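One structure is given below, encoded as structure tokens.
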Amino acid sequence: MSQQPISEELVPTQTEGYKISEKKGIDELKNLDADDPSLAKWKNSLGLSHAEARFPNDKRMVVVQALVFQSGEHVIRMDVSSPEAIAKLQKNPVVIKEGVDYTFKIEFVVQHEVVSGLQFLQQIKRLGVTVEKMEEMCGSYGPKYENQEKTFPHSKAPSGMMARGTYTVKSKFIDDDKNVYLEWTWAMEIKKDWA
């Protein structure tokens, strides 16, 4: 987890009147209202009873593994698990066929503590002009050894001769406390066909 500077362009919308609750550790949450069956069920759904870290030597609470693009049978899994993988994405644009319906899915691991209010932010630019901005609330997650994922609503790729070309995409995974777990820039190219 890192408290990275938040870029002006990718800042989550603030809900008026919403206050972030006080941060509580796993042990404190386990013992909170122990006699309340509905709260015990909720805590169990967060995985508080068996929170084993997948990467015990990694202090990050959220480790983002991949951003997955899916359009019908075309699936492109973009590895974002390391700086080297992200650098590769920046050099090699992801090719997307014009006019297709698509969705994104993010795969991540939560470890060590409960994370509240995870959000995925994304801005797509062409020639320096923002053409799409996405802000999706993912929710709160407890530690879990397995990958967790969130699929976002469908979008439609632009089409036509003027829409073809390279787009710069900036993506960010952030929580309610403004902790930025990953912020990266990558490129996609809209073409007449997949190749």
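The values are calculated or read from the model by the stated rules, or taken from the named source; none is laboratory data. Predicted model, so just to flag it, every value in this text is computed and none were measured. No Cβ is skipped: glycine too gets one built from the backbone with ideal geometry, and neighbour counts run over all protein chains shown. What goes into the accessible areas is simple: the full protein's heavy atoms, side chains included, and nothing from ligands, DNA or RNA. Shrake-Rupley method; radii C 1.70, N 1.55, O 1.52, S 1.80 Å.
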> Mind checking which residues of segment 105-142 are over 16 Å from the mean Cα position of the chain (by Cα) and under 20 Å from TRP184 (Cβ atoms)?
Replying inline: LYS125, ARG126, GLY128, THR130, VAL131, GLU132
>> Go through (1) among the aliphatic types (A, V, I, L, M); (2) open to solvent by 60 Å² or more (accessible area, probe 1.4 Å); (3) over 10 Å from the mean Cα position of the chain (by Cα) for VAL94 and report which single condition fails.
In response: (2)
> Within the bounds of segment 185-193, is there any residue that is loosely packed, with under 14 Cβ neighbours inside 10 Å, part of a loop (DSSP other than H, G, I, E, B) and without any contact (Cβ under 8 Å) to a residue 12 or more places away in the chain?
Replying inline: no
> Which of the residues that make up segment 148-176 are open to solvent by 60 Å² or more (accessible area, probe 1.4 Å) and of a type outside the set (Lys, Arg)?
Replying inline: GLU149, THR151, PRO153, HIS154, SER159, MET161, MET162, THR166, THR168
> Which condition breaks for THR13 when tested against (1) open to solvent by 30 Å² or more (accessible area, probe 1.4 Å); (2) modelled with pLDDT of 80 or more?
Replying inline: (2)
> Are any residues in segment 55-78 surrounded by 15 or more Cβ atoms within 10 Å (Cβ to Cβ) and either more than 24 Å from ARG126 (Cβ to Cβ) or small (Gly, Ala, Ser) (or both), and if so, which ones?
Replying inline: ARG60, MET61, VAL62, VAL63, VAL64, GLN65, ALA66, SER71
> Among the residues of segment 136-143, is any assigned to a loop (DSSP other than H, G, I, E, B), touching a strand residue (DSSP E or B) at 6+ places or on another chain (Cβ under 7 Å) and of a type in the set (D, E, K, R)?
Replying inline: no
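Go through the residues of segment 86-104 one by one and say whether even a single one is more than 17 Å from GLU189 (Cβ to Cβ) and in a loop (DSSP other than H, G, I, E, B).
Kept after step one, since they are more than 17 Å from GLU189 (Cβ to Cβ), are these residues of segment 86-104: 86-87, 101, 103.
Of the ones still in play, those that are also in a loop (DSSP other than H, G, I, E, B) are none.
The answer is no; no qualifying residue exists.
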